[in-house]
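> Below is a structure I'd like to ask you about.
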Amino acid sequence: MSDRIKKASRHTSQNEDLIFQKSAPGKRGLELPPLDVPPADVNAALGDHARDGIEGFPEVSEIEVIRHFTRLSTWNYAIDLGMYPLGSCTMKYNPRVNEFVARLDGLATEHPYQPQELSQGCLKILLTLQQCLLEITGMDAATLQPAAGAQGELTGLLMIRAHLTSRGNPRKKVLIPDSAHGTNPATAVIAGYEVENIRSDSRGQLDVEHLKAAVHDDVAALMVTNPSTLGTFEPRIAEIAGLLHERGALLYMDGANMNALAGVARPGDFGVDVMHLNLHKTFSTPHGGGGPGAGPVLVKKHLEPFLPVPAIVEKNGQVALEFHRPQSIGRVRAFVGNFGVLLRALAYTLAYGPGIRQATEDAVVNANYIRRKLEDVYDLPYASPSLHEVVFSDARQKKFGVTTMDIAKRLIDYGFHPYTTAFPLIVPGALMIEPTESESKEECDLFVDAMRSIAEEAATQPDLVKTAPHTTRVGRLDEVTAARKPILRWKPKSSSSAAD
Amino acid sequence: MRYLPKSPSERREMLDAIGARSVDELFQSIPEALRLRGALNLPGPMSETELVQFFRARASENSGGYASFLGAGVYNHIRSVVTDTILLRGEFLTSYTPYQAEISQGTLQAIFEFQTLMCQLTGQEVANASMYDGSTATTEAVLMAERLTGRHRVLVARSLHPEYREVLATYARNVGLKIEEIGFTRSGEIDSAALAAALDADTAAVVVQSPNFFGVLEPLAQIAEIARGAEALLVTAIAEGVSLGLVKPPAEADIVAMEAQSFGMPPSYGGPYAGVIATREKYVRQMPGRLAGQTTDNQGRSGFCLTLATREQHIRREKATSNICTNQALCALAAAVHLCLLGKEGLREMAAQNVAKAQFALAELERIPGVRRVFSGPVFNEFTVQFPRSVRLINADLLREKIIGPLPLGRSYPELTKCGLVCVTETTPRVEIERFASSVRTALLQPV
Amino acid sequence: MYPSDLRYTKEHEWVRLQDVIATVGITDYAQEELGDVVYVELPKVGAKLKAGQSLGTVESVKAVSDIYCPVAGEVTEVNSALSDTPETINKDPHGQGWLIKMKVDDPAAVAGLMDAAAYQAFISEKGKDVSA
């Protein structure tokens, strides 16, 4: 086709301008009902504060907005399209009824400062969720306030600090396994602690001997993920908890891998003092391209006094927010929490009821099935049994110059989102795979076929894998230039460094 | 169960392939003593129909049928159904963080557009792809100022939202940051004389909100000047983003921390919302949160990717600019769609309607004997009013009329007894404002 | 392969001593491991550094590496051209890609660092070590 024809293919393959480039004065996408009070004299009301206009702000019609964002959406992979085998992300189905109930008039419309007697519906939702989460985890008390897992971790560590301070000494260090997620050490520092790493042993489990040597009276806590980021259960977890407790230290559990435990085992039973949950993982709230999430924190009785304000309690047959908590660590965010996310997590939990165990079992079956079907072509660095996720390494493919990153990119050509690459750090060249219970046998088989095919390609046509993906609308992006000379916004042509 | 795509025979097949006789075998690695024997005591299971019934029942137990004059950091604004149409597309709703750029260009371009919109609104050079909310964005902005200046003291206006201040205190306590509060004058603006006197060589930042918690607009140019005198940074928090439709952007601020809830996100009893940090380009490497950058692919085609990731927790670990991982991407998308729909003139018109409604409501209330405006400074859509008796008592009477009245300020500001914060937006019908005023008048005629 | 007029550290920095002024950079091995350099954080002129103290960082897209000061001294010059063209570190790590110049407290300390042959042997050992 000649150069003068601009639209030569379906929109999924062509460029879509930025919305600003479609803008023209006089276009409107949303009209307001007419004003029913006298218009204000803006200059009189605002004086010096009055603004001239918003330079560069788009002016487009409703149809253009719909087309623009619809086209953009077609460039995304999503759970609704297929599997995300991302380890430790638990990319499971986001039930659609949850979206419906979250938007109901009377729920989406409520203001967090309205009288509590006019908010009993919202408060009951929060209390019920709280009770369900306590039952699932075997803990004693909870806060639903933190906005995400990382914030939950911070809340938990601040409560540990407050608890230890009430005993005379906040202590100085937090121990973190070398297999931990990056938020763990980052959070420990923000909570005012130093970080000390604990090695993993030859089975990829926490080196208990190293831990024993490291637990001094200046250690506040150990932050552990169980099952670990390798997908294996820490068999000596009760012993580890005992070790810490003997020295007056606490056990924090990162609940990111709860998808292996819900309905099967409870962290409260194996000595965890405080933990967080990622509702956007185990509890199915949508990732939405990166958030929002929620990171409720659950604690044992001795930490209850330190929970953030407000707490959700039952009082005289009503549900109430309790603000007077003298030993509370304070607030970690405004208002009561990400209510819309919490509501969706409750809808998910109610859908399953006591049958939630089935989801956990299916998740573990899927991971083990994939492990069995791939362990002859991919290196399995640790022989320990996998629960809901399995970690391979690229050792065999490395011989041909093909890395985990390359394999991941080639997986895209087969219609899948990549698994988690290069994490955990204790496995060089890691391939971390978590299918979740949402994948059918058919989808698991398709994934296995794809991975086996790529293993063969790595040996016979390595360049094909190293330059993947080949079928996406853009190829590998120049992240180096993006970091050297960042272009982080559009600017109108008249100014320098304009985008196209 | 409808969310599980396996038939019993498929489960059997898969167990056979694994070589396990039963599912229980797969859990052997969990010590026997820790494995649950019975089922958990949980409500449910519920079919889709039962779920809807359950939540409809909860919805009926809230404030349906009541008029509300609450603002204070959460604002009721018109939203288009188009926003949900886009949000509910599975490719947006159920997609992951755009780490794999080749198959996330939709999310990445939307974030890039969101970043641009935030810059245009705030008059700043760069903006991130959202923080959890306005309160944590403000806190992160303060921590950023601390890193940039190497100083450890922060002066915070008392007129900054009380809950934002509480959050800041929780974070500051553990990193050795000293917070001091500066009061306000009769105009409702920050006490600049007190501010100037309090600044010293260890002050990292001055934090003000505009419009502030009382609804009053702060003189940012003047405050920036004062802060600059001590080489401290100016952090400006914005809780009501619609104000930027008519109010000058805080271009003289060094860091802006904005709550974007007013742009297309319903109140939803407190969240989820989206905070934004916007700042000068030279500070970008100390700014927390994700950033989408424009670049080219290996064929020279234009595209986007997450960039400057080395600031973040997954690489820096202990030395990260923040521990934030998840952001509020879907909420940011809602804001982007909403703002594109409204556009330049629509946002301006919405802001103008807010000002008109607030002026009307203020006039109605001031006509009531004993009721007076408290602060003389200019306001946007919220203002503080003093009543001749306790706001709580008045509100109790108003509730009987199915009106949720002003937020009493006495608890957070002991010197402001009998004062209430009134918010009126473009969604408040005139008849409701008139009914509100007449109900207040009636309530005041009752004996105490 | 590694210039004989330089001395090297175990953290992959090199030092070129002229009188009492030392030029410091990272080695070819280091830039290879790091990948494309996107950003460099350097100390201020006048900063007094101890041996082993972090003097700044070198960043690639996916990693950040601390640079450790090989010997004690005071920073006299920094290579500000790197803020515009950080890739120079990849192209010419032992020459134009220098990071800082410093006035060393004790010039004899430089002689105590590895010479080219010792450094070459050191990194060959690393290559054999699986956990490197």
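The values are calculated or read from the model by the stated rules, or taken from the named source; none is laboratory data. What you see is a predicted model, and the numbers here were worked out from it, not measured in a lab. FYI the Cβ positions are ideal-geometry reconstructions off the backbone, even for glycines, and counts take in every protein chain you see.
> Looking only at segment B:24-59, count every residue that is farther than 25 Å from A:A345 by Cβ, within 7 Å of chain A (Cβ to nearest Cβ) and part of a helix (DSSP H, G or I) and tell me the total.
Matching residues across segment B:24-59 total 1.
> Could you list, in sequence order, all residues of segment A:331-350 that are over 22 Å from B:Y273 (Cβ atoms) and buried (at least 24 other Cβ atoms within 10 Å of the Cβ)?
Here is the first cut: in segment A:331-350, the ones over 22 Å from B:Y273 (Cβ atoms) are A:349-350.
Scanning segment A:331-350 gives a single hit, A:T349.
> Still on this structure, please answer the following. Right, C:E11: free of Cβ contacts under 8 Å to residues at least 24 places away in the same chain and either out of contact with any Lys or Arg (no Cβ under 9 Å at 6 or more places or on another chain) or outside any strand (DSSP E or B) (or both) or not? Working first, answer last.
Details: free of Cβ contacts under 8 Å to residues at least 24 places away in the same chain: no; either out of contact with any Lys or Arg (no Cβ under 9 Å at 6 or more places or on another chain) or outside any strand (DSSP E or B) (or both): yes.
Considered against the rule, which asks whether it is free of Cβ contacts under 8 Å to residues at least 24 places away in the same chain and either out of contact with any Lys or Arg (no Cβ under 9 Å at 6 or more places or on another chain) or outside any strand (DSSP E or B) (or both), C:E11 comes out as no.
> Could you tell me whether any residue of segment A:158-175 is within 13 Å of chain B (Cβ to nearest Cβ) and free of Cβ contacts under 8 Å to residues at least 24 places away in the same chain?
Yes, segment A:158-175 contains at least one residue that is within 13 Å of chain B (Cβ to nearest Cβ) and free of Cβ contacts under 8 Å to residues at least 24 places away in the same chain.
> Need the failing condition index for B:E125 against (1) out of contact with any Cys (no Cβ under 7 Å at 6 or more places or on another chain); (2) surrounded by fewer than 24 Cβ atoms within 10 Å (Cβ to Cβ), just the number.
Status for B:E125: all satisfied but (1).
> Could you list, in sequence order, the residues of segment B:281-313 that are of a type in the set (A, V, I, L, M), more than 7 Å from chain A (Cβ to nearest Cβ) and touching a Gly at 6+ places or on another chain (Cβ under 9 Å)?
B:L306, the sole residue that qualifies.
> Another question, if that's okay. Is at least one residue of segment B:8-18 loosely packed, with under 14 Cβ neighbours inside 10 Å and outside any helix (DSSP H, G or I)?
Among the residues of segment B:8-18, not one is loosely packed, with under 14 Cβ neighbours inside 10 Å and outside any helix (DSSP H, G or I), which makes the answer no.
> Moving to a separate point now. Tell me, yes or no, whether segment A:225-240 has at least one residue that is out of contact with any helix residue (DSSP H, G or I) (no Cβ under 8 Å at 6 or more places or on another chain) and without any contact (Cβ under 8 Å) to a residue 60 or more places away in the chain. I'd like the intermediate steps shown before the answer.
First, the residues of segment A:225-240 that are out of contact with any helix residue (DSSP H, G or I) (no Cβ under 8 Å at 6 or more places or on another chain): A:230, A:232, A:235.
Then drop every residue that is not without any contact (Cβ under 8 Å) to a residue 60 or more places away in the chain, which leaves A:235.
Checked against the condition, which is being out of contact with any helix residue (DSSP H, G or I) (no Cβ under 8 Å at 6 or more places or on another chain) and without any contact (Cβ under 8 Å) to a residue 60 or more places away in the chain, segment A:225-240 yields at least one hit.
The rows are residues; the columns are (1) hydroxyl-bearing (S, T, Y); (2) closer than 30 Å to A:M405 by Cα.
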| position | (1), (2) |
| --- | --- |
| B:R58 | no, no |
| B:S63 | yes, no |
| B:S95 | yes, yes |
| B:S130 | yes, yes |
| B:T136 | yes, no |
| B:L143 | no, no |
| B:R165 | no, no |
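> Next question, about the same structure. Out of B:S135, B:S159, which single residue is in a loop (DSSP other than H, G, I, E, B), crowded, with 24+ Cβ neighbours inside 10 Å and not hydrophobic (A, V, I, L, M, F, W, C)?
Residue meeting the stated conditions: B:S159.
> Quick one: what pairs do we get from segment B:409-430, first residue assigned by TED's automatic domain parsing to the domain that holds B:Y164, second assigned to a helix (DSSP H, G or I) and crowded, with 18+ Cβ neighbours inside 10 Å, C-beta under 6 Å, 6+ apart or different chains?
Listed by first residue and then by second, the contacts come to nothing, as the list is empty.
> Looking at the structure I just gave you, is B:T85 among the hydroxyl-bearing types (S, T, Y), surrounded by fewer than 21 Cβ atoms within 10 Å (Cβ to Cβ) and in a helix (DSSP H, G or I)? Before you say what the answer is, go through the steps one by one.
On the way: among the hydroxyl-bearing types (S, T, Y): yes; surrounded by fewer than 21 Cβ atoms within 10 Å (Cβ to Cβ): yes; in a helix (DSSP H, G or I): yes.
Yes; evaluated as a whole, the condition is true for this residue.
> Also: Could you check segment B:335-367 and list, in sequence order, the residues that are among the acidic types (D, E) and touching a strand residue (DSSP E or B) at 6+ places or on another chain (Cβ under 7 Å)? Walk me through how you get there before you give the answer.
First pass over segment B:335-367, keeping only residues among the acidic types (D, E): B:345, B:349, B:364, B:366.
Residue satisfying the conditions is B:E366 alone.
> Right, next: Looking only at segment A:384-403, count every residue that is in contact with a helix residue (DSSP H, G or I) (Cβ under 9 Å, 6 or more places away or on another chain), closer than 19 Å to A:T232 by Cβ and buried (at least 24 other Cβ atoms within 10 Å of the Cβ) and tell me the total.
Of the residues in segment A:384-403, 6 are in contact with a helix residue (DSSP H, G or I) (Cβ under 9 Å, 6 or more places away or on another chain), closer than 19 Å to A:T232 by Cβ and buried (at least 24 other Cβ atoms within 10 Å of the Cβ).
> Give the residue, chosen from A:A78, A:A147, that is over 30 Å from A:N15 (Cα atoms) and either assigned to a strand (DSSP E or B) or at the interface with chain B (Cβ under 9 Å from one of its Cβ atoms) (or both). Steps first, answer last, please.
On the way: A:A78 fails: over 30 Å from A:N15 (Cα atoms).
Selected residue: A:A147, the only one of A:A78, A:A147 that is over 30 Å from A:N15 (Cα atoms) and either assigned to a strand (DSSP E or B) or at the interface with chain B (Cβ under 9 Å from one of its Cβ atoms) (or both).
> With over 19 Å from A:A430 (Cβ atoms) and under 27 Å from the mean Cα position of the chain (by Cα) as the only criterion, which of A:L244, A:L230, A:L261, A:L211 stands out?
Details: A:L244 fails: under 27 Å from the mean Cα position of the chain (by Cα); A:L230 fails: over 19 Å from A:A430 (Cβ atoms); A:L211 fails: under 27 Å from the mean Cα position of the chain (by Cα).
When all the criteria are applied, what remains is A:L261.
> Scanning segment B:194-234 for residues that are part of a strand (DSSP E or B) and β-branched (V, I, T), which turns out farthest from the other protein chains (Cβ to nearest Cβ)?
If we take residues in segment B:194-234 being part of a strand (DSSP E or B) and β-branched (V, I, T), then B:T203 is farthest from the other protein chains (Cβ to nearest Cβ).
> Here's another thing I want to ask about it. Would you pick out the residues in segment B:179-195 that are without any contact (Cβ under 8 Å) to a residue 12 or more places away in the chain and either under 23 Å from the mean Cα position of the chain (by Cα) or loosely packed, with under 14 Cβ neighbours inside 10 Å (or both)? Spell out how you get there, then give the answer.
So in segment B:179-195, the residues without any contact (Cβ under 8 Å) to a residue 12 or more places away in the chain come out as B:185, B:191, B:193.
Within segment B:179-195, just B:A193 meets the criteria.
> Is it the case that A:V427 is of a type in the set (V, I, T), modelled with pLDDT under 95 and under 27 Å from B:I111 (Cβ atoms)?
Working: of a type in the set (V, I, T): yes; modelled with pLDDT under 95: yes; under 27 Å from B:I111 (Cβ atoms): no.
Answer is no for this residue.
> Here are the criteria: (1) within 14 Å of chain C (Cβ to nearest Cβ); (2) surrounded by 22 or more Cβ atoms within 10 Å (Cβ to Cβ). Tell me which single one A:E439 does not satisfy.
The failed condition is (1).
> Continuing with the same structure: Can you tell me which residues in segment A:99-121 are under 24 Å from the mean Cα position of the chain (by Cα) and either in a helix (DSSP H, G or I) or of a type in the set (D, E) (or both)?
Answer for segment A:99-121, where residues must be under 24 Å from the mean Cα position of the chain (by Cα) and either in a helix (DSSP H, G or I) or of a type in the set (D, E) (or both): A:E99, A:F100, A:V101, A:A102.
> In this structure, does C:K44 turn out to be loosely packed, with under 15 Cβ neighbours inside 10 Å, farther than 24 Å from A:L477 by Cβ and among the charged types (D, E, K, R)?
Numbers: loosely packed, with under 15 Cβ neighbours inside 10 Å: yes; farther than 24 Å from A:L477 by Cβ: yes; among the charged types (D, E, K, R): yes.
In short, yes.
> Further question: Determine, yes or no, whether C:K91 is charged (D, E, K, R) and at pLDDT 90 or above. Write out each step before concluding.
Working: charged (D, E, K, R): yes; at pLDDT 90 or above: yes.
For C:K91, the condition - charged (D, E, K, R) and at pLDDT 90 or above - is met.
> Taking the criterion of being touching a Pro at 6+ places or on another chain (Cβ under 7 Å), within 7 Å of another protein chain (Cβ to nearest Cβ) and hydroxyl-bearing (S, T, Y), would at least one residue in segment B:95-115 satisfy it? Full working, then the answer.
Taking segment B:95-115 first, the residues touching a Pro at 6+ places or on another chain (Cβ under 7 Å) are B:100, B:102, B:104, B:107-108.
Filter once more, keeping what is within 7 Å of another protein chain (Cβ to nearest Cβ): B:100, B:102, B:104, B:107.
The next check asks that each one be hydroxyl-bearing (S, T, Y); those that pass are B:104, B:107.
Within segment B:95-115, one or more residues are touching a Pro at 6+ places or on another chain (Cβ under 7 Å), within 7 Å of another protein chain (Cβ to nearest Cβ) and hydroxyl-bearing (S, T, Y).
Results for (1) more than 30 Å from A:V264 (Cα to Cα); (2) out of contact with any strand residue (DSSP E or B) (no Cβ under 8 Å at 6 or more places or on another chain); (3) in a helix (DSSP H, G or I); (4) of a type in the set (S, T, N, Q), shown as yes or no for each residue.
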position	(1), (2), (3), (4)
A:L387	no, yes, no, no
A:D406	yes, yes, yes, no
A:R410	yes, yes, yes, no
A:F423	no, no, no, no
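Condition check ((1) more than 7 Å from chain B (Cβ to nearest Cβ); (2) of a type in the set (S, T, Y); (3) free of Cβ contacts under 8 Å to residues at least 24 places away in the same chain) across all residues:
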position	(1), (2), (3)
A:V37	no, no, yes
A:D41	yes, no, yes
A:H49	no, no, yes
A:H68	yes, no, no
A:Y84	no, yes, no
A:P95	no, no, no
A:H111	no, no, yes
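> Could you tell me whether C:V78 is of a type in the set (A, V, I, L, M), crowded, with 17+ Cβ neighbours inside 10 Å and free of Cβ contacts under 8 Å to residues at least 40 places away in the same chain? Step through it out loud before you land on a result.
Numbers: of a type in the set (A, V, I, L, M): yes; crowded, with 17+ Cβ neighbours inside 10 Å: yes; free of Cβ contacts under 8 Å to residues at least 40 places away in the same chain: yes.
Yes.
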